[in-house]
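Here, each number is a calculation from the coordinates, and none is a lab measurement. These numbers were taken from a predicted model, which means no experiment stands behind them. Backbone-built Cβ (ideal geometry, glycine too); neighbour counts: all protein chains shown.
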Amino acid sequence: MHFAHIGSLLAASVALMGSSVDAATPAAWKTRTIYQIVTDRFGVANGVTPSSCGAGTNVYCGGTFQGIISKLDYIANMGFDAIWISPVVTNVDSQNAYHGYWSQDLYSINSHFGSASDLQALSSALHSRGMYLMVDVVANHMGQQVNGNYASNNPSAYKPFNQPSHYHPFCTISNYNNQTNVEQCWLGSSQSDGLPDLNTENPTVYNGLYTWVKSLVGNYSIDGLRVDTVKHVRKDFWPGFNSNAGVYCTGEVLSGDPAYVSPYQGVMDGILNYPIFYPLTRAFQKPAQGFTEMKNMINTIRSQFKDPMLLTNFLENQDQPRFPSLTGDRALAKNAITYLLTGDGIPIIYYGQEQSFNGGNDPYNREALWTSNYNTQSEMYQHIVKVNKLRKAVKGLTTNNPITTPLTSVYDDSQAWVFRKVGMVVALSSAGSSGATQNLYVQASSLPSGQLQDVISCKTISVGTSGTVTIQLTGGQPAVYYPSGSLGGSGICGH
Ligand SMILES: *[C@@H]1O[C@H](CO)[C@@H](O)[C@H](O)[C@H]1NC(C)=O
Ligand SMILES: *[C@@H]1O[C@H](CO)[C@@H](O)[C@H](O)[C@H]1NC(C)=O
């Protein structure tokens, strides 16, 4: 924690120095809504015909940075003001490296996705729309040694880490209860298919990674980083990495255990919220199990993490089976997505969620988005539009901003949960689309009184002066209420 403290002081001073250029500080990220992209699977440039890229394709399909630029309207019109793109650096020469997590040369850009100037063009195109660019980075390992990259303990093909001393000696991770083993052994099952594990105790390596990340962020005007495999590197490495990046970082610590994950927010601004991911996924399965587990986890997170509102929330990503592969009921998916967009923390929607893609485990969860024809009329695209309009309407509020206010639970039963965040009242159902109409009698003195409008259905309710109201949910649909009188000019429900 000693190092963590120094790290956060450094991060704070870097943020102050950069404030003249609209620095993407952690605070500036709190009201952002992130759309996650696997670059190879999102889009191709105008005029280019993409490969068919059928389900489970495990090779490059042709998506590029120019492809993302050509589809920024699709993303912005859904209400997103930030994107996270998969890793950008040159990977080992293997068709299977389309995901980008197998670095070979940290100092050049993966030519499958375009050139350095294409990436700069993407960054500029985003900034001219007021959007942020988050880039995925890997500091734990380099790419799998295809084509003899790491043959005979000779890493000369990797840049800039080309000496045997830059790597931990080969061993496989055999005991996840031994943190040294997790940090210093290799991911993978053998030296030939494992991921060469950078020796982040070696000053040449950790200083090299700090120099690199600063240079990458600067060259491409990056606003934030998603950091891979954080639990596989010693904690004391991360404050220096985060402060050299000089922008908001959110790290992957793949574990559902808050006691294991929470200390990492002492060494990095934000963490991907795996502790809430598992209860959230379970809360919206059949049969409905109620919301006690969700509520308990939210309380545990509040008591253990440094700043829960800087955690990044998700329902799907490139490593997890898509939610509709677990539950086909769209009403349940819609409720879970509504929690992402209204609950505590920064929401991430994984590309394809808006099209209800239903691929299972990797590689089936990495479908090509062009197979959807970028349908902006799909049920989930339109749902996200509606809730994001409210996020946008309140984004600039400096007081009573529901996005940055922690939720307060006001009602729950075996198939419904209602919480409020100052003026916003969110009602979620786990009854499913064929469930009976639910009448939720809510009484909470903290409820905003007067007329509230559901930004999804546009129906209104009136809250009595003593905070009593009956909320009716039909067909298992969620509702997100906000005072009608405060929606003027938002474009929501005709305002
Ligand atoms: C933990 O893992 C390290 C690295 O593999 C190993 O050297 C050490 O013996 C292990 N400790 C225990 C208690 O097993
Ligand atoms: C950033 O740009 C400089 C100047 O062109 C170059 O020397 C450096 O290698 C670049 N850094 C990265 C990470 O690409």
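For the reader, a short list of remarks on this structure follows.
- Region 326-358 and region 415-489: distance between their alpha carbon centers, rounded to Å: 19
- Two-site label geometry, ARG129 and GLU293: point separation in nm, points 7 Å out along Cα→Cβ: 3.7
- Rounded if a/c under 1.5, otherwise prolate or oblate - the chain, Cα gyration tensor axes: prolate
- Leading residue at positive end of dipole, the chain (Cβ point charges), from CYS61, MET380, ASN219: MET380
- For the chain, CYS249 have no disulfide-compatible partner, since no other Cys C-beta lies under 4.7 Å from theirs.
- Phi to ³J(HN,Hα) by Karplus 6.51 cos²θ - 1.76 cosθ + 1.60 over region 376-382, Hz, x for Gly, Pro: 7, 9, 5, 4, 7, 4, 5
- Pairs from LYS295/LYS395; LYS286/LYS306; LYS159/LYS395; LYS295/LYS392 whose Cα-Cα separation, in the structure shown, is over 30 Å: LYS286/LYS306; LYS159/LYS395
- Charges were assigned to the Cβ only: +1 to each Lys and Arg, -1 to each Asp and Glu. The resulting dipole of the chain about its Cα centre is roughly 1140 debye.
- Per-pair calculated FRET efficiency, R0 = 22 Å: ASN46 and ALA121 via Cβ, rounded to 0.05: 0.95
- The angle separating the long axis of helix 203-219 from the principal Cα axis of greatest extent in the chain is about 60 degrees.
- Least to most buried among HIS127, HIS141, HIS383, HIS168 (fewest other Cβ within 10 Å first): HIS127, HIS168, HIS383, HIS141
- 25 Å Cα-Cα reach of LYS389 towards lysines, excluding residues that sit fewer than 8 places from it in its own chain: LYS30, LYS71, LYS334, LYS421, LYS459
- The mean sequence separation of alpha-carbon pairs under 8 Å and at least six residues apart, normalised by the residue count of the chain, gives a relative contact order of 14 percent.
- Region 103-112 - phi-based ³J(HN,Hα) in whole Hz, Karplus 6.51/-1.76/1.60, Gly and Pro as x: 4, 10, 10, 5, 9, 9, 9, 4, 5, 4
- Least to most buried among LYS231, LYS159 (fewest other Cβ within 10 Å first): LYS159, LYS231
- Rounded to 10°, Cα long-axis angle of helix 116-128 versus longest principal axis of the chain: 20
- The residues packed around SER174, meaning those with a beta-carbon under 15 Å from its beta-carbon, carry a net charge of -2 if Lys and Arg are +1 and Asp and Glu are -1.
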